[in-house]
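Visitor: What follows is a structure written as structure tokens; I'll ask about it next.
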Amino acid sequence: MATAESVPAPASTGGHKDWTHEVYSKLKAVRSACVAETMNASHRTRMEDASILEDQFNGAGNGLFCVFDGHGGRQVVDFVEKRFAQVLKGELNFDKSRSIDDCLTSAYIITDIQSRQANLMQSGCTSITCLMLKGADGTRRIYSANAGDSRAVLCHGGKTVRLSQDHKAGDPAEKTRIEELGGFVMRGRVLGMLAVSRAFGDHTLKQFVSARPYISKTTLTGDEEFLIVACDGLWDELSDEEAVKLVRDNYYKNKSEMKAANALVQRALDKGTKDNVTVMVVFF
């Protein structure tokens, strides 16, 4: 597990007591990373986000970078934060002939089943998990898996590449899937209740709210600059391109990388987000 150094929140936060900022400057799998989060106390009474940053995950040169966004309470998000990396490691090591896609899918489904077995029925959480693996030949790949509307965006040679796929109840493909299962979408919500259509937990709606993730694979070529992993508290207010431009123009080029996550959180607040905000920026 990587060791973080806590640093003060920037002066421009307006005195948010719920703001935390951690930097990871001595990583082995990647050059560095920073994580910032705020409860957004002006609009929220509790923090329901969580994150994982694990250097050398399941082997040298690997890394695991995750953000989880809870809803309806912290029970499921706390469970997933505690269990997901362990379950994924077990799946990766159980049968080396299995594909990474299969291992990630199994880790999502098993973690979700375990939360049901723990009788965590009411709350849920979306997730974005980026697994970076280094092959025997030195080639590095990022496997991105997500359920819900938390998102990963890669800056590759100055260009913006989204690695995940949002799952909203009102999206045509998701709406069709839900209806084919006997459900309905009303006011953009599953059964009129939940805006996201895939998530851990939400077991009272599990027939329609799947934990099966969308998965992408990206081979790193050396032109990658950084990866942004964040919950919808950021993405509801900033486009992929806006977020990448903010980091690249103001922090990556100016070699002040560790301020990047803070800056993204602050920009989301400035633009009026009413949600918790958690942002991780990983530099290659």
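The values are calculated or read from the model by the stated rules, or taken from the named source; none is laboratory data. In this text, all values refer to a predicted model and were calculated from it rather than measured experimentally. We place every Cβ from the backbone using ideal geometry, glycine too, and count neighbours over all the protein chains shown.
Visitor: Restricting to region 176-198, name every residue that is in contact with a helix residue (DSSP H, G or I) (Cβ under 8 Å, 6 or more places away or on another chain) and either touching a residue at least 60 places away in the same chain (Cβ under 8 Å) or surrounded by 24 or more Cβ atoms within 10 Å (Cβ to Cβ) (or both).
Guide: Matches in region 176-198: Val190, Leu194, Ser197, Arg198.
Visitor: Let me ask something else about it. Considering only region 121-166, state which residues are in a loop (DSSP other than H, G, I, E, B), under 15 Å from the mean Cα position of the chain (by Cα) and over 18 Å from Gly72 (Cα atoms). Give the derivation first.
Guide: First, pick out the residues of region 121-166 that are in a loop (DSSP other than H, G, I, E, B): 121-123, 135-139, 148-150, 157-158, 163-166.
The next check asks that each one be under 15 Å from the mean Cα position of the chain (by Cα); those that pass are 148-150, 163-166.
The answer is Leu163, Ser164, Gln165, Asp166.
Visitor: Can you tell me which residue is surrounded by the most Cβ atoms within 10 Å (Cβ to Cβ) among those in region 157-167 that are modelled with pLDDT of 95 or more and farther than 23 Å from Met121 by Cβ? Walk me through how you get there before you give the answer.
Guide: Quick first cut of region 157-167, residues modelled with pLDDT of 95 or more only: 159-167.
So of that shortlist, the ones also farther than 23 Å from Met121 by Cβ come out as 159-166.
On the way: Lys159: 11, Thr160: 17, Val161: 16, Arg162: 15, Leu163: 23, Ser164: 25, Gln165: 17, Asp166: 19.
Checked region 157-167; the qualifying residue surrounded by the most Cβ atoms within 10 Å (Cβ to Cβ) is Ser164.
Visitor: Name the residue, out of Leu92, Leu88, Leu120, Leu133, that is of a type outside the set (Gly, Ala, Ser), within 23 Å of Asp166 (Cβ to Cβ) and modelled with pLDDT of 95 or more.
Guide: Leu88 is the lone residue from the list that is of a type outside the set (Gly, Ala, Ser), within 23 Å of Asp166 (Cβ to Cβ) and modelled with pLDDT of 95 or more.
Visitor: Oh, and also: Hey, among Ala261, Ala268, which residue is surrounded by 17 or more Cβ atoms within 10 Å (Cβ to Cβ), touching a residue at least 24 places away in the same chain (Cβ under 8 Å) and touching a helix residue (DSSP H, G or I) at 6+ places or on another chain (Cβ under 6 Å)?
Guide: Details: Ala261 fails: touching a helix residue (DSSP H, G or I) at 6+ places or on another chain (Cβ under 6 Å).
Unique residue meeting the criteria: Ala268.
Visitor: Residue by residue through region 65-114, note down the ones that are out of contact with any helix residue (DSSP H, G or I) (no Cβ under 7 Å at 6 or more places or on another chain) and among the β-branched types (Val, Ile, Thr).
Guide: Val67, Val77, Ile100, Thr105, Ile109, Ile113
Visitor: Go through (1) at pLDDT below 95; (2) out of contact with any strand residue (DSSP E or B) (no Cβ under 9 Å at 6 or more places or on another chain); (3) among the hydroxyl-bearing types (Ser, Thr, Tyr) one by one and return the number of the condition Tyr252 breaks.
Guide: (2)
Visitor: Are any residues in region 58-82 more than 16 Å from the chain's Cα centre (by Cα) and either in a helix (DSSP H, G or I) or crowded, with 23+ Cβ neighbours inside 10 Å (or both), and if so, which ones?
Guide: Answer for region 58-82, where residues must be more than 16 Å from the chain's Cα centre (by Cα) and either in a helix (DSSP H, G or I) or crowded, with 23+ Cβ neighbours inside 10 Å (or both): just Gln75.
Visitor: Criterion first (within 20 Å of Ser216 (Cα to Cα) and either out of contact with any helix residue (DSSP H, G or I) (no Cβ under 8 Å at 6 or more places or on another chain) or surrounded by fewer than 17 Cβ atoms within 10 Å (Cβ to Cβ) (or both)) does Leu154 satisfy it?
Guide: In short, yes.
Visitor: Hey, can you tell me all the residues within region 197-223 that are among the β-branched types (Val, Ile, Thr), closer than 19 Å to Phe68 by Cβ and assigned to a loop (DSSP other than H, G, I, E, B)?
Guide: First pass over region 197-223, keeping only residues among the β-branched types (Val, Ile, Thr): 204, 209, 215, 218-219, 221.
Subset that is closer than 19 Å to Phe68 by Cβ: 209, 215.
Selection gives Val209 alone.
Visitor: Can you pull out every residue in region 24-47 that is surrounded by fewer than 20 Cβ atoms within 10 Å (Cβ to Cβ) and among the hydrophobic types (A, V, I, L, M, F, W, C)? Lay out the reasoning, then the answer.
Guide: First, the residues of region 24-47 that are surrounded by fewer than 20 Cβ atoms within 10 Å (Cβ to Cβ): 25-28, 31-32, 41-47.
Correct list: Leu27, Ala41, Met47.
Visitor: Of everything in region 211-229 that's crowded, with 20+ Cβ neighbours inside 10 Å and in contact with an Asp or Glu (Cβ under 9 Å, 6 or more places away or on another chain), which residue is nearest to Gly148 (Cα to Cα)?
Guide: Ala211
Visitor: Here is a follow-up. Yes or no: Ala50 part of a strand (DSSP E or B), crowded, with 19+ Cβ neighbours inside 10 Å and touching a Gly at 6+ places or on another chain (Cβ under 9 Å)?
Guide: Working: part of a strand (DSSP E or B): yes; crowded, with 19+ Cβ neighbours inside 10 Å: yes; touching a Gly at 6+ places or on another chain (Cβ under 9 Å): yes.
Judged against the criteria, Ala50 is a match.
Visitor: Based on this model, can you work out whether Arg248 counts as surrounded by 16 or more Cβ atoms within 10 Å (Cβ to Cβ), more than 27 Å from Ala41 (Cα to Cα) and not acidic (Asp, Glu)?
Guide: Working: surrounded by 16 or more Cβ atoms within 10 Å (Cβ to Cβ): yes; more than 27 Å from Ala41 (Cα to Cα): yes; not acidic (Asp, Glu): yes.
So Arg248 fits the description; yes.
Visitor: Then there is this: Considering region 131-167 alone, what residues qualify as being closer than 17 Å to Val244 by Cα and hydrophobic (A, V, I, L, M, F, W, C)?
Guide: Residues satisfying the conditions are Ala152, Val153, Leu154, Cys155, Val161, Leu163.
Visitor: Being in a helix (DSSP H, G or I) and hydroxyl-bearing (Ser, Thr, Tyr) is the filter; apply it to region 229-281 and report the residue that is farthest from Thr38 (Cα to Cα). Walk me through it before giving the result.
Guide: At the first step, the residues of region 229-281 found to be in a helix (DSSP H, G or I) are 232-235, 240-252, 257-270.
Retained after the next criterion (residues that are hydroxyl-bearing (Ser, Thr, Tyr)): 251-252.
Working: Tyr251: 20, Tyr252: 22 Å.
Only one residue fits best here, namely Tyr252.
Visitor: Going through region 122-141 one residue at a time, which ones are buried (at least 16 other Cβ atoms within 10 Å of the Cβ) and of a type outside the set (Lys, Arg)?
Guide: Residues of region 122-141 buried (at least 16 other Cβ atoms within 10 Å of the Cβ): 123-134, 140.
Listed by number, the residues that qualify are Ser123, Gly124, Cys125, Thr126, Ser127, Ile128, Thr129, Cys130, Leu131, Met132, Leu133.
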